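Below is one structure, written out as structure tokens, with a few remarks after it.
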Amino acid sequence: MVLTCGLLGAQAVRPSPSERQDKEAALAQRIDLVVHKVQQRQLRSDEHTPWVIMHSAIAFKSDAVVFDTASGEGFEAIEYLLMRAKHEGRSLFQVVDGTPTVRRDPAVEHHVNQYLMMLALAGVSPQRALLADTGEQYRVAQLIDAAKLGFEDEQEVGWTLVALSVYLPSGDEWVGANGRTYTIATVLRRGMERDPRKEAEGGTHHLFGISYAVRTYARNHGSLDGVWEEAMEYLNAHVATVRRFQLDDGAFSAGMLNERSEPKSPSELVFSTGHTLEWLVLAMPGDQLRLRWVEHAVVRLCAEIERHPLDAFSDGGIYHAVNALRLYRDAVRREEDRPD
């Protein structure tokens, strides 16, 4: 896979192999302890909304568990969301013109295809069942079809790009309900036409989706060309902005891509640094994740989560931070396993 990311002339630190391995092993162990701390948080159907539970599944995939007070049993969070979860007495999935869709409600799904992205990241099969509010069972494949049919040029693309990159071949072509023809590349192009500073959460989810799509294409095709190469350049420019705005203590700016700004609380620090690290890990090649400034951010994020009780953090912030840390740990391990 060919991914390049030129950052202000920075070069990866090159300690001796044994020193590097010891340092990376210690940081990986620290990340594991932070992840374990967050995973001990107990989720309950009577206290946590489907939106919160969905975020736990982004962080922990099939290992996320929720206690269902209606049955008195614990369930895998993904199984619970697909087959058991209710909001205001109704299933999360409503049937519109014979097609299941996720209910758009702040307590269920804030952004288009957010649940589908979570299922994609967790490796959920298109054939897995879900229960709609009609009492009928459908398949995740029908959510995928609905995402394709319902795509509009103006919609947020971050979550959709992840889902399509997982579930579709890169050359797949479809016609939306608006009569327009799309591919993943055209959806990517729509994203690159956007200013991420105007997108949700400071553009972090937007950039995560673009990064995920580019990385998936590179893994499958071996190199980048055309719109995919342009997308990498788009990402590089925003990585450089993150680096420029990074704070002296290693945290990423609370102003995201807009300005260099100190977080006003532990919650804001974990939110901004976690959300930013999450897309950076995908946008940057594995060897550059060893750069001192990236490692500094990881250490700072770990320290903040270690220092405070979990109720000091927002639900979205803490779970995206955990996902970022796990992605970072796994990426560095893969880089370590590569032959020299």
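Straight-distance candidates among the aspartates and glutamates for linking to Lys23, with alpha-carbon spacing under 13 Å and chain neighbours fewer than 8 residues away dropped: Glu295, Glu336.
So what is the calculated 222 nm ellipticity per residue for the chain, using -39500 (n - 2.57) for each DSSP H run with n of 4 or more, over all residues, to the nearest 500 deg cm²/dmol?
-16500 deg cm²/dmol
Looking at segment 23-54, which trypsin sites (Lys or Arg not before Pro) are DSSP coil and have at most 16 other C-beta atoms within 10 Å of their C-beta? Answer by residue number: Arg41. For a straight C-alpha distance cut-off of 16 angstrom, the aspartates and glutamates reachable from Lys86 (same-chain residues fewer than eight places away being disregarded) are Asp46, Glu47, Asp68, Glu73, Glu76, Asp105, Glu109, Asp133, Glu136. Computed on segment 43-187, the Cα convex hull volume stands at 103 Å³ per residue. The GluC sites (Glu not before Pro) found in segment 57-156 that occupy coil by DSSP, while having at most 16 further C-beta atoms within 10 Å, are Glu88, Glu136, Glu152, Glu154.
Can you pull out the trypsin sites (Lys or Arg not before Pro) in segment 229-265 that DSSP calls coil and that have at most 10 other Cβ atoms within 10 Å? Qualifying residues, ordered by number: Lys264.
Computed over the Cα atoms, what is the radius of gyration of the chain divided by 2.2 N^0.38 Å, N being its residue count?
0.99
Quick one, could you list the DSSP H helices from the chain stretching 18 Å or more along their long axis (Cα atoms) with average Kyte-Doolittle hydropathy of -0.5 or above?
Flagged H segments are 204-221, 226-245, 266-283, 292-307.
Among Ser211, Ser267, the order by Cβ neighbours within 10 angstrom, fewest to most, reads Ser267, Ser211. Distances over 12 Å make up what percent of all Cα-Cα pairs in segment 24-67? Looking at segment 24-67, the distances longer than 12 Å represent 63 percent of pairs. Annotation: lysines with alpha-carbon distance below 24 angstrom to Lys264 (same-chain offsets under eight excluded): Lys37, Lys198.
Computing FRET efficiency as 1/(1 + (r/R0)^6) for Thr49 and Ala303, where r is the C-beta to C-beta distance and R0 is 25 Å, gives about 0.30.
Readers should treat all values here as calculations from the given coordinates under stated rules, not as data from a laboratory. On a predicted model such as this, the values are computed, not experimentally measured, just so you know. Cβ coordinates were reconstructed from backbone atoms using ideal geometry, including for glycine residues, and neighbour counts include every protein chain displayed.
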